[in-house]
Amino acid sequence: MQIEMPAYPPTGPRHTVGVLAYAGMAPFELSCVVEVFGLPRPEFDRPWYALSVCAERPDPMPMVGGFTVSTPTGLDVLAASDTVVVPGVPDVRGAVPDAVVEALRSAYARGARIVSICSGAFALAAAGLLDGSEATTHWRYAGLLAERYPKITVTPDVLYADNGQVLTSAGSAAGLDLLLYIVRKDHGAAVANAVARRLVLPPHRDGGQAQFIEVGVRDVADGDGVARAMAWALENLSAPVTVAGLAARAHMAERTFLRTFSRQTGTSPIRWLIERRVQASLALLEGGDAPIDQVAAAVGFDSAVTFRHHFGRSMRTSPSAYRKTFASRTPREPGPGREAQTVSGALAEPRAEPEKRRSRPRPETRRTISP
């Protein structure tokens, strides 16, 4: 199977976007760029982007999946584009072709916006466009990027980083977040939200939101006490949970439970449960109008202040800011295929007033994981 990519000359009033294609690439990231910038958008009363898929040579390029792509558009068009997107590199340990490096430097010198998705950051780094600035890539490659290019401040736990002229994103799907962010910058929130709805995606995830880095909840085996305790905790997020209680459910002494939990998950029970509670709060913030203190209580935090603190550390934004990104939707009723969001029924009944909750003595942090 061979796909011929049409050329869109960078002429006229439309903002031109050039995306790099190369042999051996996975098609997902390229397809994301085509989907966002290449599809016609007649529903908008403004010129849309003019997309060019560019390659070093016009020869058919084998893609992951057993098909080929060819494009008549070369690197000269990439270098002349208003926005240049590099959706990856074929080998994160290999050299970037000199012609690609020169095209990126030329575009940058002209003032073009330079964007990378996933491992594409290695191409930008090879061109020297990330020296002295903050950048991100897929968390699997972050250490290698920092090692190969020590002049870059690599931030491995964010979805994307915006340094003005140069923007980098984490792996694969985070590229869509960055592309929607670019549309938002260019055309405003209403247009970006409309594009997101067409893609059936959340309208916006803040760039500082943490990447979803391998967090482990495994199948519960009969003899796996830690997994059994974790499964119970996930079903009872709104209840107070203590290390002693989890250890008892795992049929272990506390110290043995803590050592085993850390060995199996790479983190502590406290940190793991806080992260699970923050993640559980996202659906409540997206799909309801409950006050922040009620959302906090629903997922087990003992105050809105504690919830905001942990939410900010995990998601790099505030609960209120996260909720505001969904304000343009009309989602107070469940959508197709989406159940009404509750956590163990915690929002079904009125909660105690925040003042009363704050007056409750807090348990020792060392002994509890009920923040």
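Listed values, structure above:
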{"read-out": "Flag for ALA174 being modelled with pLDDT of 70 or more, assigned to a helix (DSSP H, G or I) and within 30 Å of MET252 (Cα to Cα)", "value": "no"}
{"read-out": "Unmet criterion (only one of (1) modelled with pLDDT of 95 or more; (2) under 20 Å from THR168 (Cα atoms); (3) acidic (Asp, Glu)) for GLU29", "value": "(1)"}
{"read-out": "Test: VAL64 is surrounded by fewer than 23 Cβ atoms within 10 Å (Cβ to Cβ), in contact (Cβ under 8 Å) with a residue 12 or more places away in the chain and part of a helix (DSSP H, G or I)", "value": "no"}
{"read-out": "Residue list for segment 260-300, restricted to those being among the small types (Gly, Ala, Ser) and surrounded by fewer than 20 Cβ atoms within 10 Å (Cβ to Cβ)", "value": "SER262, GLY266, SER268, ALA283, GLY288, ALA290"}
{"read-out": "Filter pass, ARG360 being at negative phi, under 24 Å from the mean Cα position of the chain (by Cα) and either modelled with pLDDT under 85 or not in a helix (DSSP H, G or I) (or both)", "value": "no"}
{"read-out": "Total residues in segment 78-111, condition crowded, with 22+ Cβ neighbours inside 10 Å and aliphatic (A, V, I, L, M)", "value": "10"}
{"read-out": "Only one of SER303, SER328, SER314, SER320 that is buried (at least 16 other Cβ atoms within 10 Å of the Cβ) and modelled with pLDDT of 85 or more", "value": "SER303"}
{"read-out": "Breaking point among (1) in contact with a Pro (Cβ under 9 Å, 6 or more places away or on another chain); (2) in contact (Cβ under 8 Å) with a residue 60 or more places away in the chain; (3) surrounded by 18 or more Cβ atoms within 10 Å (Cβ to Cβ), for MET230", "value": "(2)"}
{"read-out": "Test result for THR71, surrounded by 15 or more Cβ atoms within 10 Å (Cβ to Cβ), over 23 Å from ARG140 (Cβ atoms), among the β-branched types (Val, Ile, Thr) and modelled with pLDDT under 95", "value": "yes"}
{"read-out": "Within segment 76-87, tally of residues that are more than 12 Å from CYS54 (Cα to Cα) and assigned to a strand (DSSP E or B)", "value": "1"}
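Residue-wise test of (1) over 30 Å from PRO47 (Cβ atoms); (2) outside the structural domain of SER31 (by TED's automatic domain parsing); (3) of a type in the set (Ser, Thr, Tyr); (4) modelled with pLDDT of 90 or more.
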site: HIS187; (1), (2), (3), (4): no, no, no, no
site: ASN193; (1), (2), (3), (4): no, no, no, no
site: ARG205; (1), (2), (3), (4): no, yes, no, no
site: ILE213; (1), (2), (3), (4): yes, yes, no, no
site: LEU234; (1), (2), (3), (4): yes, yes, no, no
site: MET252; (1), (2), (3), (4): yes, yes, no, yes
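The values are calculated or read from the model by the stated rules, or taken from the named source; none is laboratory data. All of these numbers come straight from a predicted model, not from anything done at the bench. Every residue, glycine as well, gets a Cβ built from its backbone with ideal geometry; the counts of neighbours run over all protein chains shown.
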